[in-house]
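A short reminder: the numbers here are calculations on the coordinates, not readings from a lab. From a predicted model like this one, the values you see are computed outputs, not experimental measurements. Methodologically, a virtual Cβ is constructed for each residue, glycine included, from the backbone with ideal geometry; neighbour enumeration extends over all protein chains shown.
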Amino acid sequence: MDLLGDLYRTHTCGQLRPDHVGQEVVLLGWVHRVRDMGAVIFLDIRDRYGVTQVVTEAEPLLGQAKKLKTEMVVAVLGQVAPRSPETVNDKLDTGQVEVRIGELRVLNDARRPPFGIADESFVAEDTRLRYRYLDLRRQRMQKNLMLRHRLTMGIRRYFDELGFLEIETPILTKSTPEGARDYLVPSRVHPGEFFALPQSPQIFKQILMIGGLDRYFQIVKCFRDEDLRADRQPEFTQVDVEISFASQALVFSLIEPLIAEIFTVGGIEITTPFRTMTYAEAVARYGSDKPDLRFGMEIQDLGAVFADTPFGPVREALASGGVLRGLVVPGGAKISRAEVDKIVAEAIEMGAGGLLWARQTDKGLATSAKAMGEAALTRALEVSGAGTDGLLVMTAGTEAQVSKLLGALRLSLAKRFNLVDPTRFEFLWVVDFPLLDWAEDEQRWVAMHHPFTAPSDADLPRMTEAPGEVTAKAYDLVLNGSEIGGGSIRIHDPEVQRQLFRLLGISDEDAKLRFGFFIDALEYGTPPHGGIALGLDRIVALLAGEPSIRDVIAFPKTAAAVDLMSDAPSTVDARQWKELHLKPLA
RNA sequence: GGGGUCGUAGCUCAGUCGGUUAGAGCGCCGGCCUGUCACGCCGGAGGCCGCGGGUUCGAGCCCCGUCGACCCCGCCA
């Protein structure tokens, strides 16, 4: 092994061009590939900037080069030479030149990697995560992390130019039992007391507004101890924003150009302003509060068509205040009967009582529900736009059940029949969320967004007598069926805040204990304010074309919330337990 | 907590109806090769078939349990 000494690279492995021909250069990097031809040997040297071919045919360099293995770390000193036209490699940025080795230093040996770095073929994710340091060398992860960097730089530049301040908020903070489960950190100094890691810097950013900081943003880690998904990690990054004297329209007008800029950096041109849809409309038409607008298949209410249907299950559902709704699978008139049965089976698996269907065939109307009457079904096919081409599927039940089911079915059918155009980026503001949601298990109201969200001005007077009907000044930013941001105009009137806590079943006394400092702060001249938080990981993943945010996070956790590389979480020794005044239950 | 998919060589996978010696490609090791660039050619090594139990004359294959990865539901103010 050789010493690096004072050697520094003169160029990166992605830098050399015909202009450099004749120069003496130093490249430092990893052995990417070795092509040993006997009396001549080619090495590809790699760093994060690219790959450069180096070559030698003279002893003793030839002998030294033959001992190199992939992923060893080397220094190559040599002269840049042109390649003859027939040996130019168009696939490499540096492919018009090569370096003729003058001196070769081996800076470090490398064990054989468990998977190839040079070949980008599929490797199981657990293997990638266990050897993340090797996975990070691969082009896919390097590309994703470089994109992520460019986006965060763009975000900081954007906010800076508009006078926003990036201000850090505490990671060790106070547990506020509303919302997601907290990650807790026991206090050594205060036996039996705990810090919580922030689910978001919500209260702090509002206090920054009270503190007169006016325009705040932060690219910040948030922590939620809930189960994971492809787009959910226990620690994730938000672009957190708060603005004083803000209306919803103002927030939108500041965020839309930001999103446009982010996407430009990501290589996608988008148009603003974005569409807007109320929560109620989104749920009715798409069965979701984050509809994917890259395809149609809207949910349609067909209750009127079957108002006096003799078919029992539907008649009963309608009579008891329920609905009959359906959607049309385009081209579904031509799919096989077996395929139709699969759709029905899938709907039932999703929890539908049943799925009715109808379509026109060469032999006339075909349906799973003859009892609903040929005339009515034919009309339903017309009204729904199924015509002779589509397959109409329908289900009855309570509005909530039916929306949810058809929303899920819509997504799965679109996927199954390849109706989603992956090149489209369909943004949508979902607005007018309900302020509150009835938690059946707890038998109380819970905040749909969070307990600091302002009710709409019009509904404010009805907050106590009809809490379930009050809409909030809350909004989500949706892209292609994914929630990439959410925010609200906040309550700035301490009396309204107290009123809301009461509605949530939090007594004045309790509120004082949990949020007392915050309510106090509200009393001292709080400017009206509002903001938003964007899911950075999700945005990067969408732009990178990655199905999971794990692929845009350097060190993510598995679905079981474990870090396979470091093996966290882990046990700690008895002394640590004791210092923290903790004892195992078992 | 529930449902689903997967687990075979270092990696990615195949393995028929349960049948006797478990395969391929890549990688790895050895040899040859003066213009390769996914170099090529010749040869070779490499297996707790995730783990535990069961059924069977016989299990990679069937059954039960368990562990792990992934996807979904619940959960995620």
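Taking only C-alpha pairs under 8 Å that are 6+ residues apart, what is the relative contact order of the range A:166-290 in percent? RCO, the range A:166-290: 18 percent. Checking the Cα-Cα distances for A:K290/A:K415; A:K370/A:K404; A:K221/A:K557; A:K290/A:K557 against a 21 Å cut-off, the pairs over it are A:K370/A:K404; A:K290/A:K557.
To the nearest ten degrees, helix A:508-522 and the longest principal axis of the Cα atoms of chain A are 60 degrees apart. Basic side chains Lys and Arg get +1 at the Cβ, acidic Asp and Glu get -1 at the Cβ, and with that the dipole of the range A:8-77 about its Cα centre reaches some 240 debye. Relative contact order for chain A: 13 percent, from Cα pairs under 8 Å spaced at least 6 residues apart, divided by residue count.
If I fit a long axis through the Cα atoms of helix A:337-349 and take the longest principal axis of the Cα atoms of chain A, what angle between them do I get, 0 to 90°, rounded to 10? Long axis of A:337-349 versus the principal axis of chain A: about 80 degrees. Measuring nothing but how far apart in sequence close Cα pairs (under 8 Å, 6+ apart) lie, relative to its length, the range A:1-101 scores a relative contact order of 32 percent.
Return the whole-Å distance between the Cα centroid of the range A:503-580 and the Cα centroid of the range A:236-255. Centre-to-centre distance over Cα atoms comes out at 19 Å. Considering only A:F515, A:F555, A:F164, the residue lying farthest towards the positive end of the dipole of chain A is A:F555, judged by Cα position with unit charges set on Cβ.
Loop-resident chymotrypsin sites (Phe, Trp or Tyr not before Pro) (DSSP state other than H, G, I, E or B) in the range A:84-149 with no more than 14 further Cβ atoms inside 10 Å of their Cβ: A:F122. When the charge dipole of chain A is built from unit charges on Cβ atoms (+1 for Lys and Arg, -1 for Asp and Glu) and taken about the Cα centre, the candidate among A:L435, A:Q499, A:G102 whose Cα reaches farthest toward its positive end is A:G102. Using only side-chain charges placed at the Cβ, +1 for Lys and Arg and -1 for Asp and Glu, the dipole size of the range A:392-532 relative to its Cα centre rounds to 600 debye. Computing FRET efficiency as 1/(1 + (r/R0)^6) for A:K583 and A:T558, where r is the C-beta to C-beta distance and R0 is 30 Å, gives about 0.55. Our helix-only sum for chain A, with -39,500 (n - 2.57) per DSSP H run of n ≥ 4 divided by its residues, gives a mean residue ellipticity at 222 nm of -8500 deg cm²/dmol. Among the trypsin sites (Lys or Arg not before Pro) found in the range A:409-444, those both in a DSSP coil and sparsely packed, with 15 or fewer other Cβ atoms within 10 Å of their Cβ, are A:R424.
For the range A:302-369 versus the range A:404-457, the inter-centroid distance based on Cα atoms is 24 Å. Cross-link reach is defined here as a Cα-Cα straight distance under 20 Å, omitting same-chain residues fewer than 8 places apart; for A:K578 the aspartates and glutamates meeting it are A:E193. For A:K363, the aspartates and glutamates whose Cα falls under 20 Å of its own Cα, not counting residues fewer than eight places away in the same chain, are A:E339, A:D341, A:E374, A:E382, A:D389. Helix A:139-161 and the long axis of chain A differ in direction by around 70°, with both axes built from C-alpha atoms.
If you take the Cα centroid of the range A:127-194 and the Cα centroid of the range A:44-70, the two points sit 39 Å apart. About its Cα centre, the dipole of the range A:180-317 is roughly 260 debye, where the only charges are +1 on Lys and Arg Cβ and -1 on Asp and Glu Cβ.
Under 13 Å Cα-Cα from A:K473, which aspartates and glutamates qualify once same-chain neighbours fewer than 8 residues away are excluded? Result set, ordered by chain and number: A:D432, A:D457, A:D459.
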